[in-house]
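Every read-out reported here was derived from the displayed coordinates using simple, explicitly stated rules and does not represent laboratory data. Note that the structure is a prediction, hence the values are computed from the model and not measured. As a convention, Cβ positions derive from the backbone with ideal geometry for all residues, glycine included, and neighbour counts pool all protein chains shown.
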2 protein chains.
Amino acid sequence: MSNDNKKISLAVVRRLPRYYRYLYDLLQSGVTRISSRELSEKMGVTASQIRQDLNCFGGFGQQGYGYNVQNLFNEISKILGTDHRFNVIIIGLGNMGHALANYENFKKRGFDIIGIFDIKPELIGTTVNNIKVMHMDELDEFVKNNRVDIGILSVPYGQTPAIADRLGRLGVKGLWNFSPMDLKLPYDTEIENVHLSDSLMVLGYKIDSKMKK
Amino acid sequence: MSNDNKKISLAVVRRLPRYYRYLYDLLQSGVTRISSRELSEKMGVTASQIRQDLNCFGGFGQQGYGYNVQNLFNEISKILGTDHRFNVIIIGLGNMGHALANYENFKKRGFDIIGIFDIKPELIGTTVNNIKVMHMDELDEFVKNNRVDIGILSVPYGQTPAIADRLGRLGVKGLWNFSPMDLKLPYDTEIENVHLSDSLMVLGYKIDSKMKK
DNA sequence: TAGATTGTTAATCGATTAACAATC
DNA sequence: TAGATTGTTAATCGATTAACAATC
């Protein structure tokens with residue numbers, strides 16, 4: 001069984017997409033097997049960590065052999081849910097919403113954008129990357145009639161809390177938040193923040209602290 | 001002195017922008033003083049962690065009183081380098097580059113976008129959000145004549161390593177990478193990755209693992 | 001002064017690394 | 001079989017939390 005009731009730490013979970021990427025690249029290069037040591041050298045982590053991480057989910061390797069790349073990739077895909085699809089809607093078709101609607105990598109990773117919502121009249125009824133743009137008034141109806149797993153929040157700062165609450169109330173399971181604020185909802189809604197400015201500030205800090213040395 | 005040679009852990013550094021945001025909001029609300037306990041309740045962390053974090057950089061509080069909000073905000077701004085400005089260029093004016101060029105929050109946090117580079121002839125010479133779009137051929141000259149602290153990499157996957165290397169060689173101090181790959185440069189260049197798809201996959205994992213319970 | 005809250009040391013917890021028996 | 005490498009336990013390291021003396 002791939003996922004028991006034992007709690008996996010978020011530190012491990014956040015490393016999974018990285019394994020996914022490296023294994024995908026190895027597959028592309030035609031590599032069929034790899035040991036934790038070889039992978040650790042490529043990734044710049046310890047072989048110990050790789051084995052510990054993978055064994056949170058099951059014994060995917062074989063003593064004396066290592067890991068079969070295709071098999072390990074499949075297992076990690078399954079853990080990350082990429083074996084099924086996630087239905088995603090975008091709320092807010094500003095510059096960021098536009099960029100996300102056109103980002104092709106999401107589909108490859110198992111995420112299908114099935115609708116975009118905004119309030120600007122001139123946008124309603126158009127399509128972006130073949131995705132229909134609807135009015136926010138149609139949101140509730142749409143979520144009731146379609147399985148919506150994830151809502152991408154790319155709306156102005158001030159509107160974020162109210163729309164997040166609305167999506168949570170509608171039963172959307174996850175929110176991907178691009179506003180520079182931390183969301184807390186009283187629903188069973190998972191939240192993942194992007195916080196671009198925070199990331200840029202961390203880069204600024206790194207640069208400054210290197211200068212001082 | 002605000003920053004000694006003692007090494008601050010990245011875990012602490014990544015929390016700084018969050019303190020910055022909360023203190024900014026408190027300032028806006030007219031709050032003049034706050035204790036670590038009050039702030040801890042707002043932020044959902046322990047008061048101990050807040051005091052530990054802040055004391056990595058100096059004693060900004062006062063026994064029996066707490067912290068002066070304006071003063072603490074100023075100190076954290078200084079630590080994050082927001083008291084001076086960072087000059088930033090965007091490489092790649094696709095959908096993401098466009099979104100970033102128009103994102104107003106960066107300026108507020110101390111980052112000025114001073115140029116955009118692309119190769120599409122129809123874009124060269126235009127402006128986006130008052131920022132001049134130049135050809136990649138002009139990049140080296142531009143970097144030599146202007147202080148460029150940070151390069152934002154929003155170019156196609158395949159071109160990322162070569163352009164990253166070129167910026168590193170030109171002495172750009174930090175790269176903000178939007179491609180789903182890990183960069184490693186032989187220069188003194190700090191790198192901060194955004195990895196949007198990774199973040200979305202973590203959200204997918206959270207949703208799935210909650211379902212299984 | 002008495003009360004409150006910091007700065008800081010000590011204790012705890014969790015995550016990473018090392019080591020090695022199991023086994024392919 | 002002998003060599004290699006995993007899965008897993010034990011040791012270490014670092015980060016978080018608790019406690020409290022210092023002090024405003």
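At a Cα cut-off below 16 Å, give the aspartates and glutamates reachable from residue B:206, other chains included and same-chain residues fewer than 8 away excluded. Hits, sequence-local ones excluded: A:4, A:83, A:149, A:188, A:190, A:192, B:198. Based on alpha carbons, the Rg and Dmax found for chain B are 20.2, 63 Å.
Label zone of residue B:42 (point 7 Å out along Cα→Cβ, amide N under 16 Å): in segment A:170-198 this covers A:181-184. Across segment B:1-113, the mean sequence separation of Cα contacts (distance under 8 Å, 6 or more residues apart), normalised by length, yields a relative contact order of 26 percent.
Across the alpha-carbon atoms of segment B:66-117, the computed radius of gyration and Dmax are 14.3, 47 angstrom.
Across chain A, C-alpha contacts under 8 Å between residues 6 or more apart give a mean separation that, scaled by the residue count, equals a relative contact order of 13 percent. Taking Cα centre as origin and charging only the Cβ of basic (Lys, Arg, +1) and acidic (Asp, Glu, -1) residues, the dipole magnitude of the protein assembly as shown rounds to 1200 debye. Our summary gives segment A:156-213 a relative contact order of 29 percent, counting only alpha carbon pairs under 8 angstrom and 6 or more residues apart. Other residues with beta-carbon under 12 Å from the beta-carbon of residue A:43 carry, at +1 per Lys or Arg and -1 per Asp or Glu, a net charge of +1. Here the convex hull built on the C-alpha positions of segment B:118-167 has a volume of 97 cubic angstrom per residue. Estimated from helices alone, the mean residue ellipticity of chain B at 222 nm is -12500 deg cm²/dmol (sum of -39500 (n - 2.57) over DSSP H runs with n ≥ 4, per residue). Label points for residue A:211 are taken 7 Å from Cα along Cα→Cβ. From this copy to the others they lie 4.9 nm apart, shortest first. Other residues with beta-carbon under 14 Å from the beta-carbon of residue A:123 carry, at +1 per Lys or Arg and -1 per Asp or Glu, a net charge of -2. Where a ≥ b ≥ c are the square roots of the eigenvalues of the C-alpha gyration tensor, would you call segment B:89-192 rounded, which needs a/c under 1.5, or, failing that, prolate if a/b is larger than b/c, or oblate? Judged from the Cα gyration tensor, segment B:89-192 comes out rounded (a/c under 1.5). Against chain A, whose longest principal axis is taken from its Cα atoms, helix A:69-80 shows a tilt of about 40°. Starting from a label point 7 Å past Cα on the Cβ side, list the distances from residue A:60 to the same position in the other copies, nm, shortest first. Values, ascending and in nm: 4.1.
In segment A:152-204 the Cα-Cα distances spread across 10 Å bins starting at 0 as 26, 52, 18, 4 percent of all pairs.
For the protein assembly as shown, treating each Cα as an identical point scatterer without solvent, what Debye log10 I(q)/I(0) comes out at q = 0.06, 0.07 1/Å? Once normalised to I(0) and log-transformed, intensities are -0.27, -0.37.
Of all chain A residues, the closest to the A-onto-B rotation axis by Cβ, with that distance in whole Å, is A:99, 2. Inter-copy label distances at residue A:71, shortest first and taken from points set 7 Å along Cα to Cβ: 6.3 nm.
Nearest 5 percent is fine: what portion of the DSSP beta bridges confined to chain B is antiparallel?
Taking every DSSP beta bridge with both residues in chain B, the antiparallel ones total about 20 percent.
Counting Lys and Arg as +1 and Asp and Glu as -1, what is the net charge of the other residues whose Cβ lies under 12 Å from the Cβ of residue A:25? For residues surrounding residue A:25, the net value is +2.
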